[in-house]
Amino acid sequence: MAERIEGHGGQLALAALRAYGVREMFTLSGGHVFPLYDAAHTTGFPIYDVRHEQSAVFAAEAVAKLQRRPGLAVLTAGPGVTNGISGLTSAYFNASPVVVLGGRAPAFRWGSGSLQEIDHVPLVAPVTKHAETVLATDDIPRAVGAAVTAALTPHRGPVFLDLPLEVVFSVADVDAPDAAAVAPVEADPDEVARAAGLIAGAHRPVIVAGSDVWTGDAVEALRAAAEALQVPVFTNGMGRGALPPGHPLAFAKARRAALGGADLVVVVGTPLDFRLGFGDFGDAAVVHVVDSPGQRAQHVQPAAAPAGDLRLVLTAFADHPGDRVDHADWIAQLRTAEEAAKARDAEAMAADTDPIRPARVYGELRRVLAPDAITIGDGGDFVSYAGKYLEPAQPGTWLDPGPYGCLGTGMGYAMGARVSHPDRQVCVLMGDGAAGFSLMDVESLVRQRLPVVIVVGNNGIWGLEKHPMQAMYGYDVAADLQPELRYDRVVEALGGAGETVAKAADLGPALERAFAAGVPYLVNVLTDPADAYPRSSNLA
């Protein structure tokens, strides 16, 4: 006989979420969702509140990314939900299982003009896997279970439920919810065998592994496949660190040489989007390995495209019984290119120039970041350098906005990272443009005793726009910020600490003070506005 639970709508919703491992709530206070707060407060369920709803969703997404389980954001009705839509959209592009519970104006007065009365579902449906209004209190456990199951089913993603006022405040007596298991998707074995044969038979294969390798808990399977088939591996997103930097098959700097010289590119757990030249690798054939059929690229005709649980697919690659071409010469060729690029990077990261070059910032960070540090990128130009110069030592330690490219993730991601890993370093790398989106939420970190280090690359411009516009038109507009603005004093005013660094020699000591401070600490680095990250176009 099933256990029964009696309570208001907030208690029923939290009981259902607990069954799926949800352990905390991110929110900005609103009367429409008071029962959810009551359910949390009276049962010791942690509540973390923010100053803008997008930060609540980004914090929930950081939890979902780092812990590979649902993250919860609770948003009040109307503007509370609409303020969170950028966060939902980022989670959708990043395949993050975020659950957003929204308040809603009362159903029994719908159409009469209640406070913040708007139908959220049509707004969020295009950027969620499941969006629903729950119209009866006793239906809340069922709706929560269906939504979370959808969020966790590959290809993963965010879900949304809104609860009308009278539904969430009313009481019901229902069966206690159980979590539904999500069965793995098994790829077509013939397609898997075809892909494995192509890899084994290629002379110059390359693997590019992305975030879904981490999310799908397929890191060990990736290593096994790479080692069994002796294929060099590059990574992006949360796939970074899947092979540690010292692994003989791990590469980061020789990507141009690899993708330009490969005869087969195997892309695992990441889309063939602008980050990978839209899947155009010249004469190389493409194998695209995805976690669900809907993720197969439609603009590229791959030689094989297994779709299913990445652990199962990669394990089958490792167990491929056929002959394998010797890739030793190809690996040695890439290693030579890798070491040459590392030497060039080392020179750039040691540059003793004033104004400070962004590369020098990352050279100093490499000295102080622990192997298990959580590094968060929130910016354009400055964070592009982070992707080039920082090499995560472990998987699941790198957070960036992902392919949607939404700025403002920094403080929310920092909150979710600190809650997920209270004993690790958490470092936010932020452009001065991005600082304008979320820096006020330093107050939330201070108030809730969540220390992080924030490094701002302060060049006084929108770097990804100013330089390309100058190149295109010979002038730029709407691309300047206040030069040498004291973002550290903003953090000090909010209860944290910080300092401005103008000389390269002062960077190392400043970062050491930041990581030892025990409070949110901002290192405001005045970087060279003429030093732009090289790219053919940021408009692709």
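The values are calculated or read from the model by the stated rules, or taken from the named source; none is laboratory data. The structure displayed is predicted, hence computed values, not measured ones. As a convention, Cβ positions derive from the backbone with ideal geometry for all residues, glycine included, and neighbour counts pool all protein chains shown. Ligands, DNA and RNA are stripped out before the accessible areas are found, and what is left, the full protein with its side chains, is counted by its heavy atoms. Shrake-Rupley method; radii C 1.70, N 1.55, O 1.52, S 1.80 Å.
Overview of results
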quantity	calculated
Sole residue being touching a residue at least 60 places away in the same chain (Cβ under 8 Å), of a type outside the set (S, T, N, Q), more than 25 Å from residue 413 (Cα to Cα) and open to solvent by 10 Å² or more (accessible area, probe 1.4 Å), chosen from 19, 15	15
Near pairs, Cβ below 9 angstrom, 6+ apart or cross-chain, from region 110-125 (closer than 14 Å to residue 80 by Cβ) to any residue that is at pLDDT below 95 and not in a loop (DSSP other than H, G, I, E, B)	117/109
Residues (of a type outside the set (Lys, Arg) and open to solvent by 10 Å² or more (accessible area, probe 1.4 Å)) located in region 402-430	402, 403, 404, 405, 406, 407, 419, 420, 421, 422, 423, 425
Of the criteria (1) more than 30 Å from residue 24 (Cβ to Cβ); (2) exposed (fewer than 13 other Cβ atoms within 10 Å of the Cβ), which one residue 457 fails	(2)
All positions within region 298-334 that are open to solvent by 50 Å² or more (accessible area, probe 1.4 Å), of a type outside the set (S, T, N, Q) and under 29 Å from the mean Cα position of the chain (by Cα)	299, 311, 312
Conditions (1) more than 16 Å from residue 317 (Cα to Cα); (2) surrounded by 19 or more Cβ atoms within 10 Å (Cβ to Cβ); number of the one not met by residue 285	(2)
Residues (farther than 17 Å from residue 399 by Cβ, open to solvent by 10 Å² or more (accessible area, probe 1.4 Å) and not in a helix (DSSP H, G or I)) located in region 217-242	217, 230
Residue within region 336-346 that is within 18 Å of residue 532 (Cα to Cα), among the acidic types (Asp, Glu), free of Cβ contacts under 8 Å to residues at least 12 places away in the same chain and open to solvent by 30 Å² or more (accessible area, probe 1.4 Å) present	no
Meets criteria (in contact with an Asp or Glu (Cβ under 9 Å, 6 or more places away or on another chain), within 26 Å of residue 345 (Cβ to Cβ) and open to solvent by less than 30 Å² (accessible area, probe 1.4 Å)) for residue 254	yes
Residue match in region 339-357 (condition: assigned to a loop (DSSP other than H, G, I, E, B), over 19 Å from residue 229 (Cβ atoms) and of a type in the set (Asp, Glu))	yes
Output for region 364-384, where each listed residue is assigned to a helix (DSSP H, G or I) and open to solvent by 10 Å² or more (accessible area, probe 1.4 Å)	364, 366, 367, 368, 381, 382, 383, 384
Selection within region 123-141 - in a helix (DSSP H, G or I), open to solvent by 30 Å² or more (accessible area, probe 1.4 Å) and either among the hydrophobic types (A, V, I, L, M, F, W, C) or out of contact with any helix residue (DSSP H, G or I) (no Cβ under 9 Å at 6 or more places or on another chain) (or both)	123, 125
Test result for residue 517, modelled with pLDDT under 95 and either in contact with a helix residue (DSSP H, G or I) (Cβ under 7 Å, 6 or more places away or on another chain) or open to solvent by 30 Å² or more (accessible area, probe 1.4 Å) (or both)	no
Members of region 158-187 that are part of a loop (DSSP other than H, G, I, E, B), of a type in the set (Gly, Ala, Ser) and in contact with a strand residue (DSSP E or B) (Cβ under 8 Å, 6 or more places away or on another chain)	170, 176, 187
Residues of region 482-501 that turn out to be assigned to a loop (DSSP other than H, G, I, E, B), open to solvent by 50 Å² or more (accessible area, probe 1.4 Å) and not acidic (Asp, Glu), as a count	4
